[in-house]
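These notes are about the structure you will find just below.
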Amino acid sequence: MIVFLHIAGLALVSANQEAIFPWHKKPAKTPPFDPKEFEAKVDRTVGKLLFENKLADHTLYSGVAGGNQFATIWVRDFCHATGGLLLKPSWRIGSKDVPSKQIVLSTLKEILSLIHDGQDDSKIKIPRALDSLGAHEDLLTFKVLKGGADLKKKVVWPFGEKDPGVGMQKFPHGKMYGYFKGEAGASETCDAGYLLILAFTRVAPLLNDTELTDFLQSSKDKLKKAIDFYSSAHRWETRNDKWYFNQTAWSEWKDSVKQEGISSYSNLQLVEALTKLIKLMKNDNRVAGALAEAKLFGPRFGSTGPQKLGDGSNGQYDALLGHLHDWTMDVYDYFHDNSTGLLRELDSHKDKELLKISHIDANLQWLETNEHSQEAQKLISLSKISEAFVQRNHGGGLRTLHGINTLGWPQKEVSPGKSVIGLYQYHGTFAWSWWTCWFAEIAAKESNTELAQELLQFIWRTQYDSALGDQKFSNYISEVYSNTHIVHTIGYVSETPFLWGSSYCVRAIEALKQTQAATTATPAALEEEGQLKHEVNQVNNTALFENAEAESEPKQRLSRRFSLRSNAKLEATLQGSDEAMFLQEL
């Protein structure tokens, strides 16, 4: 109740802050994009969130999801972050350089140790988050609310510390506990298991013999449970006589929306994790031996009963990989929308309204899952994704991004609690730093350096949000953006600094460096790259000019044509501030 009243008071101040504190909206200057300074912001963000926790029998090196409301080890966020963390040999924690593989391995062991086995595979419980608050689940809820209120205070209050990376919430310290409850009464996190598998496949090749042996001896049984989680028949449904993983409500990353049913995104992520695991087992007998008894859902793999991963004899792993490829193509066949060239997101009890919507996550995941298949990558193109989810200004520059190719999720799909605090579009049209940088990474890998740089430049200039005055958000990478602003609603401020987003920025930066290095191998390429940089700078300057021009217009005169382009040419013309603000602030 105390936290609620605190939030309500801050919201009241926020709603009338311009009248009370006319100096609050001091415009922030946006300097030209500087790749080195951008990388420094990214590294600063990651560094702020890594920590050491000395326990009785071991030391935990890990990272919290954010510095304020998410100053906790969130399993999903950390597992996603491993892809970026492991691209650098070490990270600074306190006064020491800690190998990145040690940070990942240490956290994996801690998370796996807190998995609850259950009486059978249907009862396995994988934690959503880890902290040292105590055993009661409500303690984590209180910490989230308090952290959010304190961050809001930094934005709306005219006095005190303004840097979101200073005076952060307490990081975990002492004995760790697992927390399992999610949004709207959700009792599980459907993606935690396969994200743990994916994180393991990333770190295992970097371990020496002793490190890998020690990890498997201590954690193989719990890692098998993370795999077994997906073997239970109650988690699967058929469409057109094909089996698909079926997720429970409020249990994936878009947890402000129900997302109950068969998700193209979740199925493709599960395929990616299992594919990488089986390839690892095929190449490493120690991993194969440790996980041979782990179970898959048999009917998806051509078996009437549970399918064990096995030891790879008699071509077993190749057969499993073949079934995974078939599963991938089944996702395409069922979810592909011929009118847009995109994958639709969700089949929730065959709800026709939901089945029309595409989210950027599934379409980027298609390219990630099929990274080494040119045939599959032709089916979902980068250009189609860009047309659908990138909004450009009149000069052709990238203005903003949107998560879905419609004006919003149906109201029945969105958590009422999120709508009340201005987050109706939290997992809808809002742009997240993690998938924006993921988009940039994929673009760079496909040699589209122009698009990759545009996406990173969007992050760069949006961090200098004039609506936040002279707050020091520009020092870091934030969580989520709305239109051309860092999200700042009546009851919520975008988490800053944010680990998941900054780790994907690491991935994008490294991919762009590699692609640019490859294209500078010849004099002709050097000339072409110079011309490209010139063109990108022109686009960036145009975007900055039009951004500044747009922000200088009074809101009551706002008249904007807003288009979400796909093959279907879905367009909506918004006239007047009420409709425009609906898209900007909800």
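Readers should treat all values here as calculations from the given coordinates under stated rules, not as data from a laboratory. In this text, all values refer to a predicted model and were calculated from it rather than measured experimentally. Glycine gets a Cβ as well: all are built from the backbone with ideal geometry, and neighbour counts include every protein chain shown.
Observations on the model:
- Sorting 383, 256 from the fewest to the most surrounding beta carbons within 10 angstrom yields 383, 256.
- By other beta-carbon atoms within 10 Å, ranking 430, 301, 458 with the fewest at the front produces 301, 430, 458.
- Convex hull projection area averaged over all views, the stretch 255-409, Cα basis, nm²: 11.5 nm²
- Which listed pairs, of 125/254; 123/308; 143/175; 143/276; 36/378; 96/175, have C-alpha distances above 25 Å, in listed order: 143/276; 36/378
- Cα gyration tensor shape for the stretch 169-243, rounded if a/c is under 1.5, else prolate or oblate: oblate
- Using θ = phi - 60° and Karplus 6.51 cos²θ - 1.76 cosθ + 1.60, couplings along the stretch 169-181 (whole Hz; Gly, Pro as x): 5, 5, 7, x, 8, x, 4, 9, 10, x, 10, 10, 6
- The stretch 44-162 shape via C-alpha gyration tensor axes, a/c threshold 1.5: oblate
- Couplings 3J(HN,Hα) of the stretch 484-499, computed from phi: 10, 10, 5, 4, 8, 9, 4, x, 8, 10, 3, 4, 8, x, 9, 6 Hz, in residue order, whole Hz [Karplus 6.51 cos²θ - 1.76 cosθ + 1.60, θ = phi - 60°; x for Gly and Pro].
- Gyration tensor (alpha-carbon) shape descriptor, the stretch 177-297, a/c threshold 1.5: prolate
- Ascending count of other beta-carbon atoms within 10 Å, so fewest first, for 418, 153: 153, 418
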